[in-house]
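Step one of this worksheet: look at the structure below.
Just so it is clear, none of the values below were taken in a lab; they were calculated from the coordinates. These numbers come from a predicted model, not from an experiment. Cβ atoms come from the backbone with ideal geometry, glycine included; neighbour counts cover every protein chain shown.
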Amino acid sequence: MTEILICRCQEITREDIRRAVEDGATTVDGVKRRTRACMGLCQGKTCERLVQGIIAELTGKSRAEILPQKSRMPVRPVKIGLLGGADDRPV
Ligand code: FES
């Protein structure tokens, strides 16, 4: 059987997502926790809508009923001055 790659960043297939839904995932975050889909370099920009569509198809819900993933703060360390807009040079 041909594997259909849904999340290219994390190499998650349609079958992986089907198993996650079978395991009880009903939201993009639920699939994300079980498979790591949407956690790659593009942060789901490429695959989130596909994951939503597959969940909708497998659960019989409309696409609009499937909650998208929650946004998270960046995990890369940044200087506090960059966030606040203040000049962070030492005095
Ligand atoms: S394709 Fe899924 S996180 Fe990039």
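Annotations for the structure displayed:
- The distance from the alpha carbon centre of segment 10-25 to that of segment 32-73 is 11 Å, rounded to a whole number.
- Model label sites at residue 61 and residue 3, defined 7 Å from Cα along the beta-carbon direction, differ in position by 2.7 nm.
- Amide H contacts of residue 12 (H built 1.01 Å from N, in plane; Pro and chain starts excluded): 6, 7 sit under 5 Å, all sequence-distant by 5 or more or on other chains.
- With q set to 0.20 Å⁻¹, the log10 of I(q)/I(0) for the chain, from the Debye formula over equal scatterers at the Cα positions, is -0.86.
- Only helical runs count toward this figure. For the chain, summing -39,500 (n - 2.57) over DSSP H runs of n ≥ 4 and dividing by all residues gives -10500 deg cm²/dmol at 222 nm.
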